[in-house]
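Have a look at the structure below before the remarks.
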Amino acid sequence: MALLESIKIPLGTLMPDFELKDPLGKSYQGKEIYGERGLLVIFTCNHCPYAIAVWPRVIRLAKYAAGMKVNTVTINPNINSEYPDDAPDKMIVKIKELSIEFPYLVDETQKTANAFKAQCTPDIYLFNKGRRLVYHGRIDDNWQDESKVTREELKEAMNNMAAGRPIDPKQMPSMGCSIKWRE
């Protein structure tokens, strides 16, 4: 497991267009799943301990975001025969196990992860209604132990975006397992 941090991407960057399928074959376009106020995009997977640790938070934050008219999409770029736990059939199991109500999509070619410059799982992006990046950082300040969280940076960014307040430009990177890139 190679630990990586998300890289700095300029705030205001336009969200890359994408079209991906869920593990059952239903197609989604990024611009079509956008909420009235924005879109939360998270690159994640099934096997990474960092991603596993925050899945419950992602699910709660997605519900919270929906209340603000911000939709959520998760994207698995680790479609690689060397990581069978991330295969689409295992994604179906994860969707049922966690009762995931938002799209969990397959990035089989890894072109979408490349377009977003995603580095790790989880790698988190919040885009405003103008499809501009307003937050690219971690969920909170303690991925290992949710009971020790003192600052929920992603939730704070969502609240500020929804209220039309400025979002702190000082954002701590997300960290997790490296994306399992194909050669």
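Bear in mind that the values in this text are calculations on the coordinates, not laboratory data. Quick caveat, the model's predicted, so the values are computed rather than measured. Backbone-built Cβ (ideal geometry, glycine too); neighbour counts: all protein chains shown.
Condition check ((1) buried (at least 18 other Cβ atoms within 10 Å of the Cβ); (2) touching a strand residue (DSSP E or B) at 6+ places or on another chain (Cβ under 7 Å); (3) assigned to a loop (DSSP other than H, G, I, E, B)) across all residues:
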position	(1), (2), (3)
7	no, no, yes
12	no, yes, yes
24	no, no, yes
36	no, no, yes
50	yes, yes, no
Which listed residue, of 76, 80, is polar (S, T, N, Q) and more than 14 Å from the chain's Cα centre (by Cα): 80
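Here is a check on your reading of the model: is residue 115 under 16 Å from residue 17 (Cα atoms), out of contact with any helix residue (DSSP H, G or I) (no Cβ under 9 Å at 6 or more places or on another chain), loosely packed, with under 15 Cβ neighbours inside 10 Å and of a type in the set (A, V, I, L, M, F, W, C)? Can you show your working first?
Details: under 16 Å from residue 17 (Cα atoms): yes; out of contact with any helix residue (DSSP H, G or I) (no Cβ under 9 Å at 6 or more places or on another chain): yes; loosely packed, with under 15 Cβ neighbours inside 10 Å: yes; of a type in the set (A, V, I, L, M, F, W, C): yes.
Criteria met by residue 115.
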Tell me the residue from 174, 99 that is touching a strand residue (DSSP E or B) at 6+ places or on another chain (Cβ under 6 Å) and touching a residue at least 40 places away in the same chain (Cβ under 8 Å), please. 174
Pick from 121, 150, 109, 74: which is β-branched (Val, Ile, Thr) and touching a Cys at 6+ places or on another chain (Cβ under 6 Å)? 121
Could you list, in sequence order, all residues of the range 80-101 that are part of a loop (DSSP other than H, G, I, E, B), closer than 18 Å to residue 55 by Cβ and not charged (D, E, K, R)? 83, 87, 99, 100
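Just need a number here: residues in the range 125-151 that are surrounded by fewer than 17 Cβ atoms within 10 Å (Cβ to Cβ) and of a type outside the set (S, T, N, Q).
Applying the first criterion (surrounded by fewer than 17 Cβ atoms within 10 Å (Cβ to Cβ)) to the range 125-151 yields 129-132, 141-142, 144-151.
From what's left, of a type outside the set (S, T, N, Q): 129-132, 141, 145-146, 148-149, 151.
Total satisfying the criteria: 10.
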Hey, residue 42 hits all of (1) outside any helix (DSSP H, G or I); (2) surrounded by 15 or more Cβ atoms within 10 Å (Cβ to Cβ); (3) touching a Gly at 6+ places or on another chain (Cβ under 8 Å) but one; which does it fall short on? (3)
If residue 22 passes every condition in (1) within 25 Å of residue 172 (Cα to Cα); (2) within 17 Å of the chain's Cα centre (by Cα) but one, which one does it miss? (1)
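With respect to residue 95, determine if the residue is under 11 Å from the mean Cα position of the chain (by Cα), among the hydrophobic types (A, V, I, L, M, F, W, C) and under 26 Å from residue 182 (Cα atoms).
When the stated conditions are applied, residue 95 does not pass them.
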Out of the range 102-128, which residues are within 16 Å of residue 90 (Cβ to Cβ) and either part of a loop (DSSP other than H, G, I, E, B) or of a type in the set (D, E, K, R) (or both)? 107, 108
Of the residues in the range 152-183 that are part of a helix (DSSP H, G or I) and out of contact with any helix residue (DSSP H, G or I) (no Cβ under 7 Å at 6 or more places or on another chain), the one that is nearest to residue 131 (Cα to Cα) is 161
Could you count how many residues in the range 61-92 are surrounded by fewer than 17 Cβ atoms within 10 Å (Cβ to Cβ), under 15 Å from residue 46 (Cβ atoms) and free of Cβ contacts under 8 Å to residues at least 24 places away in the same chain? 2
